[in-house]
Amino acid sequence: MSNSDSILELVNVSINFGGLQAINRLSFQVESGQIFALIGPNGAGKTTAINMITGIYPPAEGEIYFEGQVLSGKKPYQVTRMGIARTFQNIQVFQNMTVRENVMVGLHTRSRSEFVRCLLHTPMVRKEERMIRRRCNEILEFMGLASKAGLLAAGLPYGDQKKVEIARTLATEPRLLLLDEPAAGLNLQETHEMSHTILMIRETGVTVLLVAHNMDLVMGISDTITVLNYGEKIADGSPAEIQNSDKVVAAYLGREPW
Ligand SMILES: Nc1ncnc2c1ncn2[C@@H]1O[C@H](COP(=O)(O)OP(=O)(O)OP(=O)(O)O)[C@@H](O)[C@H]1O
Ligand SMILES: [Mg+2]
């Protein structure tokens, strides 16, 4: 059973692809309200861990718990409904939709209206539509995208597109948000804004699991860090502890990653 303070817990989780052991008996706990970073060299298994948590790949062994409930074996849509959202290492926004429409898609995932009731256009559905619009505006405001709501996602700078992707995940009202390389491809200013955005999201009570190569970002905002190498955990601790770990430095081929 899960530790009471942890929102997410992995217990001896493993997965292999053919002969490759991508994750080997990985265990960690994410405390509620934290920014928890998962770092490690290319191919260490970070994205695979996110894919297992979100139900894309069921673990071959081990268990995953979310708020004390078994998560392993659930389908991605069930995981979303339980209160977990993610972004992707390769950005996934609807390029041909506006910023507002992208967020509306996320909100409709959350909507309780069924198809038939939508067709009937009952007062209840209309009320729900109003609530969705209001919530959409709140999220756009929160993410600093309000003035760009009517623009096509495709025409936005990369940093704004990343914000749109995060805005859409926030629309599903997650309690746990998994961010896979949110600063990849961002310039210095955009990376700084991304740090601020992640801190603000945490302020709203959402727990964040952050995967990132950018050590300024990781060391600047994380409460706890777990380091993976070849699918195994090699260290965990505070940013200061991780920066002083010989094992971690060695895993990054002897070059200090920060
Ligand atoms: N669907 C798959 N089929 C086969 N191998 C896979 C699959 N997904 C991941 N792998 C392999 O598993 C290992 C871990 O990959 P993963 O993408 O999780 O690494 P990562 O830590 O996210 O790396 P990066 O920092 O480059 O994003 C790699 O060797 C990768 O090639
Ligand atoms: Mg990855």
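The values are calculated or read from the model by the stated rules, or taken from the named source; none is laboratory data. Given the structure is predicted, the values throughout are model-derived calculations rather than measurements. Heads up, the Cβs are rebuilt from the backbone with ideal geometry, glycines too, and the neighbour counts pull from every protein chain shown.
Structural remarks
- The set of residues in region 202-224 that are within 16 Å of ligand 2 (Cβ to nearest atom) and either part of a strand (DSSP E or B) or over 10 Å from Gly40 (Cβ atoms) (or both) comprises Leu209, Leu210, Val211, Ala212, Asn214, Met215, Leu217, Val218.
- Residue in region 22-29 that is away from ligand 1 (no atom under 11 Å from the Cβ), aromatic (Phe, Trp, Tyr) and either surrounded by fewer than 15 Cβ atoms within 10 Å (Cβ to Cβ) or not assigned by TED's automatic domain parsing to the domain that holds Val208 (or both) present: no
- Test: residue in region 203-216 that is touching a helix residue (DSSP H, G or I) at 6+ places or on another chain (Cβ under 8 Å) and more than 29 Å from Glu138 (Cβ to Cβ): yes
- All of Ile35, Ile64, Ile53 fail the test of being under 19 Å from Ile221 (Cα atoms), more than 9 Å from ligand 1 (Cβ to nearest atom) and either hydrophobic (A, V, I, L, M, F, W, C) or not assigned by TED's automatic domain parsing to the domain that holds Asn214 (or both), apart from Ile35.
- So Ala235, is it out of contact with any strand residue (DSSP E or B) (no Cβ under 6 Å at 6 or more places or on another chain) and either over 22 Å from Ser6 (Cα atoms) or assigned by TED's automatic domain parsing to the domain that holds Gln34 (or both): no
- Residue within region 41-55 that is over 23 Å from Leu199 (Cβ atoms), under 15 Å from the mean Cα position of the chain (by Cα) and more than 16 Å from ligand 2 (Cβ to nearest atom) present: yes
- Number of the condition not met by Val248 [criteria: (1) at pLDDT below 95; (2) away from ligand 1 (no atom under 16 Å from the Cβ); (3) of a type in the set (A, V, I, L, M)]: (2)
- Flag if Glu181 is within 16 Å of ligand 2 (Cβ to nearest atom), at pLDDT 95 or above and at positive phi: yes
- Within region 1-19, being modelled with pLDDT under 95 and within 13 Å of ligand 1 (Cβ to nearest atom) holds for Gly18, Gly19.
- Residue in region 182-193 that is assigned by TED's automatic domain parsing to the domain that holds Ser32 and hydroxyl-bearing (Ser, Thr, Tyr) present: yes
- No other residue among Ala60, Ala37, Ala85 is out of contact with any Cys (no Cβ under 7 Å at 6 or more places or on another chain) and within 16 Å of ligand 2 (Cβ to nearest atom) apart from Ala37.
- The set of residues in region 153-176 being aliphatic (A, V, I, L, M) and either buried (at least 16 other Cβ atoms within 10 Å of the Cβ) or free of Cβ contacts under 8 Å to residues at least 40 places away in the same chain (or both) consists of Ala153, Leu156, Val164, Ile166, Ala167, Leu170, Ala171, Leu176.
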